[in-house]
């Protein structure tokens, strides 16, 4: 396989983390040198600390913390992760499977109503994925999956109405952008993995 950056996007509960692991395992079995990653939101943790100090909930996306401020900080973390972690792996000839990616961060910024000028300018500094796989699921199914998680606190941004808003933004952007493939992720996990693999570049 040609070394490439593969991004998996989708609303919370769409199965991103499950598919990142499954795709990486399948590629490794084929002899591909592959690594997985998820953006380390180091500066963004300060926003979570601020939410806890102000509202008693570190997982609160409270309207008193401007969406533009939060999404710009997140975008800054994405740039640093891309430059310090993703790009060196690609240059070393490894394929990188990215849990989330540019589509995610732009879709969420738009859905939250952030002023986009500086958020998008920051995100343009990030090396774009060679392909983005959008895992599409109905928000009610996604919420059911989220509610079943016992190891992860439910965020205020994970209700069905929020998920519906995020999904609509994802689908709108996917229709406008090249290199984005939308896959029905309501199918059994192994079928979703097979569909993703079918869209990746073959060995050269």
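Look at (1) touching a helix residue (DSSP H, G or I) at 6+ places or on another chain (Cβ under 6 Å); (2) surrounded by 22 or more Cβ atoms within 10 Å (Cβ to Cβ); (3) at pLDDT 95 or above; (4) assigned to a helix (DSSP H, G or I) and you find that residue 142 fails only one, number (3). In summary, helices (runs of 4 or more DSSP H) completely within the stretch 1-86 and bearing 1 or more residues that are at pLDDT below 95, out of contact with any helix residue (DSSP H, G or I) (no Cβ under 9 Å at 6 or more places or on another chain) and under 20 Å from residue 119 (Cα atoms) occur at 44-55. Residue 171 meets all of the listed conditions (1) within 11 Å of residue 11 (Cα to Cα); (2) at pLDDT 95 or above; (3) crowded, with 19+ Cβ neighbours inside 10 Å but one, namely (3). Taken over the stretch 174-204, the criterion of being touching a strand residue (DSSP E or B) at 6+ places or on another chain (Cβ under 7 Å) and either within 18 Å of residue 22 (Cβ to Cβ) or modelled with pLDDT of 95 or more (or both) is satisfied by 174, 180, 181, 182, 183, 184, 185, 192, 195, 196, 199, 200. Considering each residue of the stretch 123-139, count those that are farther than 16 Å from residue 182 by Cβ and surrounded by 19 or more Cβ atoms within 10 Å (Cβ to Cβ), and give that number. Going through the stretch 123-139 one residue at a time, the tally reaches 2. The set of residues from the stretch 90-119 being touching a residue at least 12 places away in the same chain (Cβ under 8 Å) and either closer than 19 Å to residue 27 by Cα or surrounded by fewer than 17 Cβ atoms within 10 Å (Cβ to Cβ) (or both) comprises 90, 93, 94, 95, 96, 97, 98, 99, 100, 113, 115, 118.
A Cβ distance below 6 Å, combined with a sequence gap of six or more or placement on separate chains, defines the contacts here; from the stretch 161-186, residues that are on the phi > 0 side of the Ramachandran plot and in contact (Cβ under 8 Å) with a residue 24 or more places away in the chain reach no residue that is surrounded by fewer than 17 Cβ atoms within 10 Å (Cβ to Cβ) and assigned to a helix (DSSP H, G or I).
The values are calculated or read from the model by the stated rules, or taken from the named source; none is laboratory data. Being a predicted model, the structure only gives us computed values, none of them experimental. Note that we place each Cβ from the backbone using ideal geometry, even for glycine, and neighbour counts take in every protein chain shown.
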